[in-house]
Amino acid sequence: TKKDRNVGIILDGVAGMFQSHNEVAYVKKRKGIVKIALRAGAPLVPVYGFGHTKLWTAIVDPFGLLERISLALDVSLVPFVGRWGWPIGPARRVPVCVAIGEPVVCPKIESPTQADIDKYHGLLLDAYKEVFDAHKEAYGWKHKTLQFV
């Protein structure tokens with residue numbers, strides 16, 4: 001039976017937690033969602049959340065030990081502070097804006113080739129960049145750029 005449900009994907013996951021001063025997305029090698037979308041014939045909708053990197057401040061060790069362990073275990077081992085400098089405290093009161101872009105329409109392909117996956121992954125990255133660039137100035141981030149790693 002057909003189910004009418006949507007799936008949300010965090011743009012960079014654990015790796016992005018260590019980059020609160022930059023807008024960096026760890027997505028160049030992450031293509032699994034594109035393969036799933038191609039198999040299902042489902043559209044991929046780019047969504048970008050402005051301001052979420054300012055809600056908390058991650059406490060990062062200068063040697064990158066926590067980052068390496070977190071990435072190896074694929075789980076966050078990052079202490080953070082929120083409002084009033086409280087450890088693991090409530091989020092800071094900053095505006096958060098969610099921008100939604102045009103969907104990347106994926107054809108239904110039972111067994112997508114690597115070329116198919118690469119093509120639609122590239123289109124998805126372009127769509128993320130378009131959403132970011134279209135709305136960054138309204139959020140007050142005219143000087144920022146979105147980098148894909």
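The values are calculated or read from the model by the stated rules, or taken from the named source; none is laboratory data. Computed from a predicted structure; not experimentally measured. Here the Cβ positions follow ideal geometry from the backbone for every residue, glycine too, while neighbour counts run over all protein chains shown. What goes into the accessible areas is simple: the full protein's heavy atoms, side chains included, and nothing from ligands, DNA or RNA. Shrake-Rupley method; radii C 1.70, N 1.55, O 1.52, S 1.80 Å.
Here the accessible area is traced with a 1.4 Å probe on the protein chains. For the chain, carbon and sulfur cover 59 percent of it. Estimated from helices alone, the mean residue ellipticity of the chain at 222 nm is -9500 deg cm²/dmol (sum of -39500 (n - 2.57) over DSSP H runs with n ≥ 4, per residue). Extents of the chain, taken as max minus min of Cα coordinates on every principal axis and listed largest first, are 50, 37, 32 Å. Residue 44 exposes around 20 Å² of accessible area when a 1.4 Å probe is run over every protein chain in place.
When only the Cβ of Lys, Arg, Asp and Glu is charged (+1, +1, -1, -1), the dipole of the range 14-149 relative to its Cα centre reaches about 220 debye.
Listed by chain and number, the lysines placed with their C-alpha closer than 21 angstrom to that of residue 119 are 28, 29, 31, 35, 108, 129; residues fewer than eight positions away on the same chain are left out. Between the helical axis of 114-139 and the longest alpha-carbon principal axis of the chain there is an angle of about 50 degrees. Working from label points 7 Å from Cα in the Cα-to-Cβ sense, the residue 86 to residue 113 distance is 5.7 nm.
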